[in-house]
1. Pop out the carbon and sulfur fraction of the accessible area of segment 169-223 as a percent, whole number, probe 1.4 Å.
2. So if R0 is 51 Å, what FRET efficiency would S63 and I278 give, r being the distance between their Cβ atoms, rounded to the nearest 0.05?
3. Of the peptides 61-73, 102-114, how do they stack up when ordered by the mean number of other Cβ atoms within 10 Å, highest first?
4. Between E74 and V351, how many nm apart are label points set 7 Å from Cα along the C-beta direction?
5. With each label point set 7 Å from Cα along the Cα-Cβ vector, what nm distance links T295 and T214?
6. Give me the base-10 log of I(q)/I(0) for segment 45-87 at each q in 0.16, 0.31 Å⁻¹, Debye formula, one uniform scatterer per Cα, rounded to two decimals.
7. Give me the extension gain from S156 to T55: residue separation times 0.36 nm, minus the current Cα-Cα distance, reported in nm with one decimal.
8. Karplus couplings for segment 133-150 from phi (6.51 cos²θ - 1.76 cosθ + 1.60, θ = phi - 60°), rounded to Hz, Gly and Pro as x?
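The values are calculated or read from the model by the stated rules, or taken from the named source; none is laboratory data. Predicted model only: the values in this text are computed from it and were never measured. In this analysis, Cβ positions are derived from the backbone assuming ideal geometry, glycine residues included, and neighbour counts consider all displayed protein chains. Ligands, DNA and RNA are stripped out before the accessible areas are found, and what is left, the full protein with its side chains, is counted by its heavy atoms. Shrake-Rupley method; radii C 1.70, N 1.55, O 1.52, S 1.80 Å.
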Amino acid sequence: MLGLALFIYAQIDTETLTAEGETYVRTEVELRNAVKDSAKGTAVVIVLGRHINLTKTTLTIPSGAKITLRSNKEATKKEGVEFFRLSGVEDESTLTVETGGLLNLEGIIVTHNKGAYGWGVDVNPGGTLTMIDGEISNNTAGIGGGIYNQGNFSLSGGTITQNTAEEGAGVYNGNNATPDRANFTMSGGEISNNIANRGGGGVDNCGSCIFSLTGGVISGNTAKQGGGGVNNHHSGIFYLIDGIISGNIANWGGGVNIWGGEFIMSGGEISNNTATNIASGGGGVAFDGSRFNMTGGIISNNRALNGGGMYTSNGEVWLLGGEIANNVASNNGGGAFVGNLWGFYVYDGVVFSNNQAVAAYNRHPQDNEVYHTQIGSKVVWTAPFRQGYNNYDISYTNGTLASLK
């Protein structure tokens with residue numbers, strides 16, 4: 001009887017069990033079969049009962065499938081872990097969401113075995129990925145170490161961390177080869193401690209794609225070129241509505257680097273970021289290109305050689321509201337360093353306060369009249385100073401007149 005009982009227990013332990021719409025899996029074969037069955041179009045919840053290492057190829061979420069992946073909480077508690085791992089194979093993404101497929105991540109770790117190369121999740125154009133819990137970590141790829149999104153990606157919880165790539169170590173949002181824009185919305189969760197060998201330690205937003213940050217934290221990421229937190233380039237559009245970009249490091253644009261495209265900031269916080277470049281800077285924001293529009297939020301406590309808060313060159317900058325405060329430049333422009341711009345416009349809704357710069361800088365005599373007639377008392381400058389074009393708040397270098405409204 002004991003032998004029979006053990007035999008029955010072993011069978012139950014390795015079978016795929018279905019209860020109340022959830023499919024429980026413990027092996028790669030069971031997992032792939034459960035995904036295959038979901039292609040019929042009905043929503044399926046697949047629950048991992050242990051760590052699973054893929055041995056064949058990527059796990060593909062096919063067109064028409066609606067799949068949620070999560071860990072069995074009772075089993076993780078017994079194992080002493082928070083989530084079960086799904087590990088990918090060398091040179092393959094762990095998960096691929098095909099056009100028309102939908103994947104919800106609600107509590108697993110998407111990763112690769114140590115030293116293996118491959119994206120965490122590859123979202124094809126027209127595919128949809130949502131993440132509300134869990135972790136995407138320790139993946140390595142050319143672009144998009146954690147996630148390479150060419151479709152629609154929504155992050156409301158969980159962590160994307162310790163991924164590595166040339167560009168977009170945490171998330172790469174781009175699909176230049178298709179007419180549909182990649183769209184990434186982040187309302188919560190964390191993108192942290194990712195490393196890009198070029199741009200976009202946390203997020204790289206490329207082409208005509210859209211990245212909207214409405215909540216959550218992008219922190220502790222590193223880029224060896226531009227955009228420790230966020231790198232927005234070519235025709236990309238980046239909306240900062242709420243959320244925190246903090247503690248990131250890059251050669252320029254420690255928090256955010258804008259190279260072409262558009263950056264629209266109506267709220268949120270860009271703080272405690274660092275730019276290390278000895279020629280340019282932009283601890284909080286480095287802007288080189290199309291348009292930067294700031295109506296709210298705060299840029300504070302950032303550090304750089306030039307432009308502790310922001311370093312601007314080319315394109316148009318419109319400062320309509322918000323606060324630029326407590327930034328430090330070891331050379332020029334504690335609040336903002338203004339280079340060769342088409343236009344730099346400051347409205348009286350902006351507050352500059354307590355920015356610092358080490359080097360002294362005097363206005364060019366030809367700008368004195370503009371300063372007195374246009375700036376006057378319209379902007380709140382660093383107390384106790386009332387200097388406008390000064391090295392503490394704005395270091396203005398090239399004789400192209402700024403305008404205050």
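1. 46 percent
2. Computed FRET efficiency for S63 and I278: 0.50.
3. Sorting 61-73, 102-114 by mean packing, highest first, produces 102-114, 61-73.
4. 5.4 nm
5. 1.6 nm
6. Result of the Debye calculation: -0.48, -1.10.
7. 33.3 nm
8. 6, x, 8, 10, 8, 6, 10, 9, 7, x, 10, x, x, x, 9, 10, 9, 10
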